[in-house]
1. Against the longest alpha carbon principal axis of the chain, how many degrees, from 0 to 90 and to the nearest 10, is the axis of helix 51-65 turned?
2. Give the separation of the Cα centroids, the stretch 215-241 to the stretch 48-108, in Å.
3. Can you tell me the Rg and Dmax of the stretch 1-120, counting just the alpha carbons, in angstroms?
4. With springs connecting C-alpha atoms under 10 Å apart, model the chain as a Gaussian network and identify which of 11, 184, 24 has the largest mean-square fluctuation.
5. Between residue 224 and residue 133, 0.36 nm times their residue separation minus their Cα-Cα distance comes to what?
6. Residue 100 to residue 64: FRET efficiency via 1/(1 + (r/R0)^6), r the Cβ-Cβ distance, R0 35 Å, to the nearest 0.05?
7. Over 22 Å between C-alpha atoms is what I'm after, so list which of 13/96; 73/224; 11/45; 13/45; 36/89 land there.
8. Can you tell me the order of 105-116, 27-38, 83-94, 135-146 when each peptide is scored by its average per-residue count of other Cβ atoms within 10 angstrom, highest first?
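The values are calculated or read from the model by the stated rules, or taken from the named source; none is laboratory data. None of these values were measured; they are calculated from a predicted model. Here the Cβ is made from the backbone with ideal geometry for all residues, glycine too, and neighbour counts use every protein chain on show. Accessible surface is based on the protein model in full, side chains and every heavy atom, while ligands, DNA and RNA are left aside. Shrake-Rupley method; radii C 1.70, N 1.55, O 1.52, S 1.80 Å.
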Amino acid sequence: FHRIEYLTLLKNKLASALYFEHCKLPVPLLTSYNVKNNFFSEGKKTKIHTGEELVQYFDQVMQKTGKKSLFLKDIAESGGVGCFLLNEKTLESTIKTIAASILKGSFIHQETIKQHAGISQIYNDSLNTLRYETFIDREGRPQIVCVYMRFGINGNFVDNAFSGGIYVSIDPETGRFHKKGYKKFKGEIGAKSIYEHPNTGFVFENYQVPFFKEACDLVYECLKFIPDRYLGWDIAIAESG
């Protein structure tokens, strides 16, 4: 189902972020990125060696872009691993704990997205995304195989199921939640299906996802640029769509 040129483009978050920006698709703004202690922003390279220099660097990026928070993603990781959230007010204390990880790794630095209020009421601490799985048949016809929404829990700022999040399946025709949610229990005994968010008590059944048709349309638009035969897409619903 896969072609190597598509897989390599998607598995490298820096490559895919730059590519989708050039495709004029609605993706989070890439403010900067780093490969170990080489940092790149606005076409300029900066060498950083200490946590203090790192604080100063991200403070300057936030000031220049007007962003009060940034989301860092390890370029090669997946499943919510290697993600850090930087906020203007807590920048110095956060950097103290993660500086070594950043300077030894490679990350993209993106703007944070303020999600739709209707989704925030379910869980507000993470950006809760729709996961679409798409398939292109032998005749080249694309279709959405399934769609579900992921949520963080217990204060976690990532929604990935492999990082402890939960997910609820959605009717692809109506955009409404099914009754039950699920969680990867990693060997726990006595697991039960989930009918409401464990932190907010929000009942899943029949919730209508805002801008659902537009999200479906966006997935089909993305497939024009990455026509791999079986893919997963993460779509966020922001305030205006």
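1. 60
2. Cα centroid to Cα centroid, the span is 27 Å.
3. 14.8, 47
4. Between 11, 184, 24, it is 24 that shows the largest mean-square fluctuation.
5. That pair, residue 224 and residue 133, stretches by 31.3 nm at full extension.
6. On the way: r = 25 Å, r/R0 = 0.72.
Efficiency, from the Cβ-Cβ distance: 0.85.
7. Details: 13/96 25 Å; 73/224 25 Å; 11/45 24 Å; 13/45 19 Å; 36/89 25 Å.
Violating the 22 Å limit, Cα to Cα: 13/96; 73/224; 11/45; 36/89.
8. Values: 105-116: 19.6, 27-38: 17.5, 83-94: 15.0, 135-146: 11.3.
Going by the mean number of other Cβ atoms within 10 Å, highest first, we get 105-116, 27-38, 83-94, 135-146.
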